[in-house]
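A short write-up of the structure that comes next.
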């Protein structure tokens, strides 16, 4: 079996870069795409000029403006971002059909065998980045490696407008040196727990046995054991199956009225069902997300005994779940509902095809 050649392409500050491209007055200035601070907005993307001040995506707009007083807020234009994303996708397809999107601005490509019979994945990555820049006036960074885990990490090493390669021969030493917080799939909470256990880098992680990692981290411990050894056999999947459907909203001002919140959950449930109807799928697990005024976020879930796409049923589950939170006691700035545990297998057998969301 030939050594796999995986590329991870990640656009640089995609939304913000599109806005700077289309509006010359924004170039070279700190830009945030998202809601304005006076309307309890959240940063969806930040330009590199803004990131120098510590502005990051998912940060409240109020905090962002405190960190960068000269920050310029721009409303998102998702129709434009999707259009540009489509242009980029077509460039990928010039080389391979094995394209797995992660979002509008990043994707994995398996170029082990490719349409142009180019032997070196590095050359393909260079050509793709050049074509993206020529066709969209935007820059992309790329990582080339023998598996998805390493390619994802590599794409972040020389950002922006960079390229990094991790060869099979370099993989083991690279992983051993890598700080645990840089591991793809290890978030802040897990990083903190690992550091408390004395796991500071890949070399430390590699000393742990599989049973011990599972004991401390559950099923994820199996993944950590393998990636610490550079083992990642996950294939690049040309289409990614949707695993959940949800809807949420950040309020203009904090809400304390729990009766109002329960009525609002009914509206969210109706929106979730509207989105579900597009897929034809149903779900069993209802999750409510509550973000308090201080940005602490909690979730509550329940799994029912049958698949449903009934808004009233989903809404009643959500109403019951919110009673197990501190909503109504603590001010709430965001509510959300997600329906997961979808009946995708039934949909495949009924229609003969899978449900996907596209790049």
Quiz item: Hey, what angle do you get for helix 168-177 against the long axis of the chain, alpha-carbon based, 0 to 90 degrees rounded to 10?
Solution: 50
Exercise. Counting other beta carbons within 10 Å of each Cβ, put 317, 201 in order, fewest first.
Key: 201, 317
Quiz prompt | Cα gyration tensor shape for the stretch 77-194, rounded if a/c is under 1.5, else prolate or oblate | solution = oblate
Quiz item: For the chain, what's the relative contact order in percent, using C-alpha pairs closer than 8 Å and at least 6 residues apart?
Solution: 15
Quiz prompt | Value of [θ]222 nm, deg cm²/dmol, for the chain, DSSP H segments ≥ 4, -39500 (n - 2.57) each, nearest 500 | solution = -11500 deg cm²/dmol
Quiz item: To the nearest 0.05, what FRET efficiency results for residue 212 and residue 97 with a Förster distance of 41 Å applied to their C-beta separation?
Solution: 0.50
Quiz item: Exposure proxy check: 11, 261, 59 ranked by fewest other beta carbons within 10 Å?
Solution: 59, 261, 11
Quiz item: Hey, what angle do you get for helix 78-93 against the long axis of the chain, alpha-carbon based, 0 to 90 degrees rounded to 10?
Solution: 30
Exercise. Give me 294, 343 ranked fewest to most by other Cβ atoms within 10 Å of their Cβ, as a rough exposure proxy.
Key: 294, 343
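None of the figures in this text is laboratory data; all of them are computed from the coordinates on show. Not measured: the values here are computed from a predicted model. Ideal geometry is used to build each Cβ from the backbone, glycine not excepted, and the neighbour counts take in all protein chains shown.
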